[in-house]
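Reading through the C-alpha cells given below for one structure.
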Amino acid sequence: MQLLVLEIVLFSFWIFCIKTGMSIAKKKINTGFIIDEEDKSSERAYRVGVELSQFNKQNTIKIKDFLNKTNIADSYSFTKSICSLLMETIFTIVTAADVRSYDAIESYSQAMHVPVIIYNDVRKLLKPNYKYLLHIAPSHMKAVVDFIKMHKWRRVFYLHVENDPLWPWRVSEIFTLTNTTDKINIIQRHLGNPYDSYEQLRILDKMALSQTEKIFILDILDRSILQIILRQITELGMNREGYNYIIGGMDIQTVDLKSFEHGGARITGFQIVDKNGSLSKVMTPWNKRTNSEIKKGIPVPPFTMKEVFLLDSFCFLQQGFEKINREGPEFFQTRAGIHYNTNCSKEIVCHKNKYLERGPIILEFLKNTSALCLSGNVQFDENGYRSKYNFDVHSLYKKKLQKIGNWSSETGYNRDVIEALKKKQKERKGPYIVTLVVEAPFVINKTDKNGKEVFEGFCIDMFRKLANSSQLQLDYIIRKRNDTKYGAWNKKTKSWDGMISELIEGEADIALGSISITEEREHVVDFTKPFMNTGISIMIKRPDKQKPNILSFKEPFSNSMWICIMCGFAGVSLVLVLIGRFSPYEWQNNSNTGPSEDFSVLNSLWSSFGALLQQGSDFLPSSISGRIAECAWWFFTLIIVSSYTANLAAFLTVEKLNIPINSADDLARQSKIKYGISKGGSTEKFFSTSNVSVYKQMWEFMEATPQSAFVNGNLDGWKKVLEGKGEYAFLLESTSNDYRNQQKPCKTMKVGHNLNQYGIGIATKQGSELSRKLNLALLEIIEKGELINLKQRWWYDKGQCGQSAASVGKKSLSLSNVAGTFHIVIGGLVIAMIFSALEFLFHHKKNQRKQSKVIKTTMITDMTDIEHFDMERKNDETKPLKPSNINGAQDNKGHPCLCRGMLTVFKEQNNSCQTTTTSPANLIMFDSITENGSTML
C-alpha cells in the first residue's frame, strides 16, 4: 500500500514538472553568440530568442547562452571574442560576419573544429573548402535566374548601390548560374549616390530604349535605400508598361509599392517568411519595450531578415541538439554539471592548438538536421549552405501586390506562377469613363429643357471629333468632378488628388480639360501630344479710361523734345539777330547809317516762329549767311511738323491706360497689389518648386497670405480680380486669361509676357493603348484645321467684349481730345485784348506827356504877347481894344474877347468868352479878361 502511495506521489510530481516546465533531466548545452556592439536590432533579437527557447517546456535541452559583443569588422577583436567563448567549452557559435573578418571566422572554425552558424548574408565569392561554416541565410539569386530563364529574357540590367559590400558575390553567383547556352547578357551597373541616382537611371533607360521589355534586377537589400531608388524610378516615369523589376531579397511584403500599382510596370519579389503565420508569435515579445527604452523614448527597431535568421539559429540549434541528445546522449555528458572537452581538460585554448573533439560529430548531426522555423525548412547541404527551402512569389501588375505561387530550390517555380504570368489583360467591356473639370471655355455645363445636365465647350467639341474619328470609334461616358482639382501630389498624404488620382486608382480612363503636361504628372499618367500651348500669365482689373489732358496735343513729343524745340527756336532767332547786325549785305537799304532794323530781336523771333508754324515771314534775309540759317531752320521745322502731325492722330484717337504692373517683377517689388493662384494645380507646383528668385519671393508672399492668395479655381480668381478694385492680380494659364478677358463686364485684362511655356493635353492611365490612338486621332483633326476653327469659335466668336468690324477705325474725336487748342485760341485772344488795352493806355499816356510839353511852350509865348498888349493898353487907355477876327464878341464886363490863332465863341449863359479850336495841337483857352486887364486861362 505504501509503495502504491509512493508511485502515485512520484507520478503526480512528474505531471507537475511537465506542466510547470521543470525537468529533472534537462541538459544545458553551451552555445556562444557574437553580435556587433553597435547592432541594437540583433541584440533585441537575441533576447527574444533566449526568451522563446526558455518558454518551450517540451524541450529536453536548454541552450546555455554566452553573449559576446564586439566589433565584427575588426579581425583582432573578433578572434579574441571567439577564443574567450572557446574557454567556456561551447559546442557551437552563432555570429554575424563581415567581409573584413570572414577569413578569421573560417580559419578559427576550421582549426578549432567548432561549427559556426552565420546568420547574416555574408559569404565568399567562391564556395569555401572550410566545412564548419553554416550559412542559415539562403540565397535568392537562383530564384532570380530561374525567373529570367522562364521568360527567356536575353538582356538584363543588374543594379546595386556602391555601399553594398556583398554585391560582387551576388552578381558572380548570377554568372555562375547562367551558362553560355542561356545567352543571357547581364549588364551590371551601380547607382552611385542612392539619394541622387536620376542621371544613372536616365542613362539606363536610354540603353534599354530598343527593348520591348526592359528588365531590371534591383538587388538592394537595405530597404530604406530601396524605397528611395523606387521613388526616383517613379519620378522618372520608369514605372509604366514595358518595365519589369525583380526585387532582390526575401521580404517583398515589407516594400512600399503603392506608386507602381497603376503604372503598368510589372514587379516581382520573394517572401520567405509568412507574415500571417508563425511570425505573429515572435512580434509580441519583439514589440515589448523595456522600462529603460520607455523612459528614454527609444522606439522599437524594424524587424528585418537578419533578425529572422538569428531567431532561426535558436530554433535550428534547439532541434539539432534535441536530435543529438536522442541519438547520442553520451556526447553531452557532464561531470558535476560541467562539460569537458577531453577527459583531462574542460576548456579550449586557442594558442595551445586544442580543438573541440566532438566538433566533427556535432557538425555531422547539424547538417543532417531539418527544422521548421520562421523562414520555413532549415536544412544544410554538404557545403554548409541552405537547401530545400521555398519562397512565396509575389507579383504586382496594375493592382496591388499579391501572391501568385511558389518557388522551390529543388523544383523551381510551380505551375501557378507560370499560369499567372501568362495571363494577359482582359479585353475591356463597356464604355470608357471620361472625367472632367468644368472650366470655361474648355468645359461648360448647362441644363437642357428636360433639366438634364449637358456639357459643351472647346474640349467637348474636340473630344467628340476624336471619338468619332477613324482612329478611335470610341464609346464613352462623361463624369464631372465636384471640385476643380486637376491633380497634384500631396506631400502630407503622399498621394495624388483630382483627376490624376482617378486615373491612377482606375476610377476613370480619360481625363479631359485644361490639364497641363508636367514632368511630375507624366510619371504617373500618360499624355497625348499637346493640343494647345499655354503658360502662366497675369490678370488684372482693367484701369478706368483716363480723361484726355487739356494739353494732350503736346503728347506726341516728350517734354524734353519740346524744350529742345524751344531752345532751337531761341538759338535760330539769336543767330538771325547777329547776322543782321554783322553782315553788310543786310545794310543795303540803310547802308549809310549802319545795320538795318529788319532783323531786330522781335522781328527775328517773329520770323522763326512763323517758319515753325509753316506760315512764313514778312522779313527775309538778303545775305547768304542769313539764308543758310533760315533754310536750316525751315528744314528742321518741316521734319518736326511732319513727325508731330503723324503722331498726333494716334495720340488723340488711341485710349491710354495707366497700367500699374507689367510683369512678375513688378508684382514682386510692390506690396499694394495682392496676388494669388488656384490651389492644387500646375501653377501652384510651378511656384512652389521654382528656383528663380522672383518666383520664390512670390511663393513666399503667397504662403504668408494664404487666405487672399489661394482660390478654388480660375473662376473664383477672376471674380476676385473684379472685386479687388485694382488691388488684386491673379496668375493663371494664358488660355483661360484670354477667355475671361472677353467676357462681360469686360473689366479684366492680361499684362506682360507668360512666365513659362507648356502644353495642354488629354491624360490617360499609364500604359493604356488609348494614348497612342488619341494621338493619331488628334493629329488627324490638326491636319484638317479643325482645331484652329474650334479655338476661333470658343475664344473670339463667342466673346462678349469684341468690337464690330464696321466700327473699327471710325472713332470720332471729342471736344476733350482737342480742348487744349481751344484754350490756346481763347487764351491768345484774351492776351491780345489785354495787350491792346495796355498799348492804348501806354500811347495815351505818351501823348499826354507830349501835349503838356507843347502847352507849356505856348503859354510862355502867349504870356509874352499879353504883357506887350497890356503895356500898349496903358499907353492908350482911351482907345478901345479892337482885336482882329473877334466879330464884336465881349465878355461880361463889356470887354472884347481876344483870341490868337483860334476861333472864339461867346457864351451867353455866363456872359464870358470861350474859345474852341479844331486843331488838336497848340490848344489855348482863355476864360475871361479880368478887370485889371489880366487874362485867365
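The values are calculated or read from the model by the stated rules, or taken from the named source; none is laboratory data. The structure presented is a predicted model; accordingly, all values stated were derived computationally and were not measured. Positions of Cβ are generated from backbone atoms using ideal geometry, with glycine treated the same way; all protein chains shown enter the neighbour counts. Please note that ligands, DNA and RNA were not included when accessible areas were found on the heavy atoms of the full protein model with its side chains. Shrake-Rupley method; radii C 1.70, N 1.55, O 1.52, S 1.80 Å.
General remarks:
- Residue identified as under 33 Å from the mean Cα position of the chain (by Cα), within 30 Å of PHE303 (Cβ to Cβ) and hydroxyl-bearing (Ser, Thr, Tyr) among TYR245, TYR158: TYR245
- Lone qualifier among LYS744, LYS750 - being open to solvent by 20 Å² or more (accessible area, probe 1.4 Å), modelled with pLDDT under 85, farther than 17 Å from GLN471 by Cα and charged (D, E, K, R): LYS744
- Residue match in region 159-166 (condition: surrounded by 17 or more Cβ atoms within 10 Å (Cβ to Cβ), modelled with pLDDT of 85 or more and part of a strand (DSSP E or B)): yes
- Hits in region 213-228 - residues which are in a helix (DSSP H, G or I) and in contact (Cβ under 8 Å) with a residue 60 or more places away in the chain: ARG223, ILE225
- Candidates in region 229-242 are the residues that are in a loop (DSSP other than H, G, I, E, B) and touching a helix residue (DSSP H, G or I) at 6+ places or on another chain (Cβ under 9 Å); of these, the one that is most open to solvent (accessible area, probe 1.4 Å) is LEU236.
- Only residues that are β-branched (Val, Ile, Thr) and modelled with pLDDT of 85 or more were counted across region 299-334, and they come to 3.
- All positions within region 650-670 that are modelled with pLDDT under 80, open to solvent by less than 60 Å² (accessible area, probe 1.4 Å) and of a type outside the set (Val, Ile, Thr): ALA650, LEU652, LEU657
- Residue within region 114-121 that is open to solvent by less than 10 Å² (accessible area, probe 1.4 Å) and at pLDDT below 90 present: yes
Let's see how each residue does on (1) touching a strand residue (DSSP E or B) at 6+ places or on another chain (Cβ under 8 Å); (2) in a helix (DSSP H, G or I):
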residue: ASN244; (1), (2): yes, no
residue: GLY249; (1), (2): yes, no
residue: ASP256; (1), (2): no, no
residue: ASP274; (1), (2): yes, no
residue: SER280; (1), (2): no, yes
residue: MET283; (1), (2): no, yes
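- Of the residues making up region 53-70, those that are touching a Leu at 6+ places or on another chain (Cβ under 9 Å) and modelled with pLDDT of 85 or more number 2.
- When region 467-514 is filtered for residues that are small (Gly, Ala, Ser) and more than 26 Å from the chain's Cα centre (by Cα), the ones remaining, listed by number, are ALA467, SER469, SER470, GLY506, ALA508.
- Total residues in region 160-191, condition closer than 24 Å to ARG240 by Cβ and not β-branched (Val, Ile, Thr): 4
- Leading residue by the ranking (nearest to the chain's Cα centre (by Cα)) among those in region 775-803 that are among the aromatic types (Phe, Trp, Tyr) and surrounded by fewer than 19 Cβ atoms within 10 Å (Cβ to Cβ): TRP795
- Condition met for ARG772 (touching a helix residue (DSSP H, G or I) at 6+ places or on another chain (Cβ under 8 Å) and either closer than 30 Å to LYS214 by Cβ or buried (at least 17 other Cβ atoms within 10 Å of the Cβ) (or both)): no
- Among the conditions (1) under 21 Å from LYS485 (Cα atoms); (2) open to solvent by less than 70 Å² (accessible area, probe 1.4 Å), GLU703 misses just one, which is (2).
- Residue check for THR89: more than 30 Å from ASN287 (Cα to Cα), at pLDDT below 85 and touching a strand residue (DSSP E or B) at 6+ places or on another chain (Cβ under 8 Å): yes
- Residue match in region 403-414 (condition: at pLDDT below 85, surrounded by fewer than 14 Cβ atoms within 10 Å (Cβ to Cβ) and on the phi < 0 side of the Ramachandran plot): no
- Tabulated pairs, region 630-648, first assigned to a helix (DSSP H, G or I), second open to solvent by less than 70 Å² (accessible area, probe 1.4 Å) and hydroxyl-bearing (Ser, Thr, Tyr), C-beta under 7 angstrom, 6+ apart or interchain: TRP633/SER608
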